[in-house]
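Below is one structure; the comments refer to it alone.
The numbers here are math on the coordinates, done by the rules we state, and not lab data. Since this is a predicted model, take the numbers as computed values, not measurements. Ideal geometry is used to build each Cβ from the backbone, glycine not excepted, and the neighbour counts take in all protein chains shown.
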């Protein structure tokens, strides 16, 4: 029997991961065709590409827009391809100049943000409809790094306030981000900063600030934790989220932290931390791993750490350097990361042009392993191969089926293949199949998988462009592509 740890190690290997993921498409084909899965074992080729697909300018921009956002429609991709790769990067990172009418759209949904489910829907819709995709992707990054959870914080209002703080500082200065999050009311609840008193210092925030937020393990001592905890004493927050500093609860004495000595407060601790080489390397590696792939070579991390210092701790400078790097556009980066449930759901709606108010989506996300505003612990979601197990895989396939067969009186809230056929000037069913393979998978479908797919679509009431056929086999086509291994990789 394979243990969870062994499964995780296997799926961390790109070749093994693709071979394991092929079961999804086989299962979907089996359900629709009655085929024996054992007879179709080789439908999907598990081997990674021999050449780098990202030498193709269009695929490179599509890759960028998936990683630094949540995917785009064909028309949007055409627009970005016309201006070129670096101009697209600049468009993404300089989002403050982009007008975004998202607030008006969200207001029209009439959501009660004091309710946890409504708050989660609010953020999902924002990710789907924003005109500033990188800003929202960075909010998602910070939510997974500088974590807090409704499960302990208890207040949707305070989680919203933290979410808005991340949005306002998404590509800001790392020192400013840490100074702000140290006094954020949700964080003060989450890591017990509100009960940190000079008589009984609470070490939770000080420890996680160093271990998970800045330097990582091995770069500080237990004495550093105790001294930092003393420095952060005195901050309080009431049930309404009002934060205040009470001088009588603060320890004003001399402290020695990371070989620095002084009458430090929490701000001083943050300033010392952001100046550490270990911090520069840690945040550089976390960002690179988020956007490109895990375990970057030391020289990549060192180059990014140099940029961190030369830019004055600028997250924007780090992200831009990552996005224009050769490593980001390498074969190793291409379709090498398992989509998080949020990436899967948000990008699917964006790619298929389906509108939603988010209703009914928080449950599937939770079943796939990602309950936004409620990460499992202070380390956030482990990501990568951890997204895949027998239970979550079935939920991913079920979500594809749900979206492909979505029906609504509001045409914009349903998959409308007839409108797509007309808009794209498609005249033959084979063209529709190729269009969707190109749009959803970058054209990546093995000959064996394509043969199996065509075998289902064009036998026993073959796919045509008539409304009835599009509503049956056309939707099945979308479902099968969403169940493919390639679609699960970003």
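List of remarks:
- Radius of gyration and maximum dimension Dmax of segment 137-272, Cα, Å: 14.3, 41
- Nearest-ten-degree value, helix 74-83 long axis tilted from longest Cα axis of the chain: 60
- Residue 311 paired with residue 391, simple spin-label distance in nm, labels 7 Å along Cα-to-beta-carbon: 3.9
- Order of 274, 421 under a 10 Å beta carbon neighbour criterion, fewest first: 421, 274
- Note on residue 412 and residue 359: the model spin-label points, each 7 Å out from Cα along the C-beta direction, lie 1.6 nm apart.
- According to the calculation over all Cα-Cα pairs in the chain, the P(r) per 20 Å bin from zero is 22, 53, 22, 3, 0 %.
- Taking each DSSP H run with n ≥ 4 as -39500 (n - 2.57) and averaging over every residue of the chain yields -15500 deg cm²/dmol at 222 nm.
- Between residue 115 and residue 226, the modelled labels are 5.0 nm apart [label points 7 Å from Cα along Cα→Cβ].
- Here the convex hull built on the C-alpha positions of segment 413-490 has a volume of 95 cubic angstrom per residue.
- Here residue 108 and residue 161 are evaluated by their C-beta separation; at R0 = 30 Å the FRET efficiency comes out at 0.85.
- Nearest-0.05 FRET efficiency for residue 324 and residue 100, computed from C-beta distance (R0 25 Å): 0.60
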